[in-house]
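Working notes, structure below.
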């Protein structure tokens, strides 16, 4: 009798597991999977990180016009964010020229991120540490030195044109005078 109860219990467990798997298979094939949402999240985050790396690189090489494709300039927020960043790059480069400093490299480290995505919009919060390496032109024997600063960015991106574009951006900037 005991063996029959054990067999019945095993059979019931197998039947419940099978029913659960059939249910899951039905549910997963009827509704759109979450993978596209995860892909959009990763894509938007990568676009924001690449933009911030480009901006750091422009502190060294200088051409702020390279930023234009990354901003939705038809929006007030996008146009303002582009103007602010171009002015910031010009400010840092002038600051270096006045001090007879040549910037040699830039690096951005990302320490924290949060991303909210929709189908064509994304809100991204990023904490960055920008490291700018330089040398004094009038004292080459001194070698290179590095300065750095941390910023917290909030970007609103929209998918359009060549990819994700900035529609608005806010950040706490230690170089606020730019």
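For residue 112, state whether it is surrounded by fewer than 14 Cβ atoms within 10 Å (Cβ to Cβ) and more than 12 Å from residue 45 (Cα to Cα). First the steps, then the outcome.
Values: surrounded by fewer than 14 Cβ atoms within 10 Å (Cβ to Cβ): yes; more than 12 Å from residue 45 (Cα to Cα): no.
Judged against the criteria, residue 112 is not a match.
Number of residues in the stretch 44-65 that are surrounded by fewer than 16 Cβ atoms within 10 Å (Cβ to Cβ) and farther than 17 Å from residue 109 by Cα equals 4. Of everything in the stretch 91-120 that is assigned to a helix (DSSP H, G or I) and without any contact (Cβ under 8 Å) to a residue 60 or more places away in the chain, the residue that is nearest to the chain's Cα centre (by Cα) is 93. Would you mind stating whether residue 108 is in the same structural domain as residue 48 (by TED's automatic domain parsing), at pLDDT 95 or above and closer than 14 Å to residue 48 by Cβ? Here the answer is yes, as residue 108 does meet what is asked. Does residue 158 fit the bill of being assigned by TED's automatic domain parsing to the domain that holds residue 71, closer than 16 Å to residue 72 by Cα and assigned to a strand (DSSP E or B)? Here the answer is yes, as residue 158 does meet what is asked.
With respect to residue 94, is the statement that it is surrounded by fewer than 12 Cβ atoms within 10 Å (Cβ to Cβ) and at pLDDT 90 or above true? Answer is yes for this residue.
Taking the stated definitions as given, is residue 146 within 13 Å of the chain's Cα centre (by Cα), assigned to a strand (DSSP E or B), in contact (Cβ under 8 Å) with a residue 12 or more places away in the chain and farther than 18 Å from residue 72 by Cβ?
Against the criterion (within 13 Å of the chain's Cα centre (by Cα), assigned to a strand (DSSP E or B), in contact (Cβ under 8 Å) with a residue 12 or more places away in the chain and farther than 18 Å from residue 72 by Cβ), residue 146 does not qualify.
Residue 118 meets each of the listed conditions (1) exposed (fewer than 15 other Cβ atoms within 10 Å of the Cβ); (2) modelled with pLDDT of 90 or more; (3) farther than 18 Å from residue 49 by Cβ apart from (2).
Selection within the stretch 66-79: residues that are in a helix (DSSP H, G or I) and free of Cβ contacts under 8 Å to residues at least 12 places away in the same chain. The member of this set that is surrounded by the most Cβ atoms within 10 Å (Cβ to Cβ) is 79.
Residue 124: over 17 Å from residue 59 (Cβ atoms) and surrounded by 14 or more Cβ atoms within 10 Å (Cβ to Cβ), yes or no?
yes
The values are calculated or read from the model by the stated rules, or taken from the named source; none is laboratory data. Model, not experiment: these values are computed from the prediction. Cβ sites come from the backbone with ideal geometry, for glycine too, and all protein chains shown count toward neighbours.
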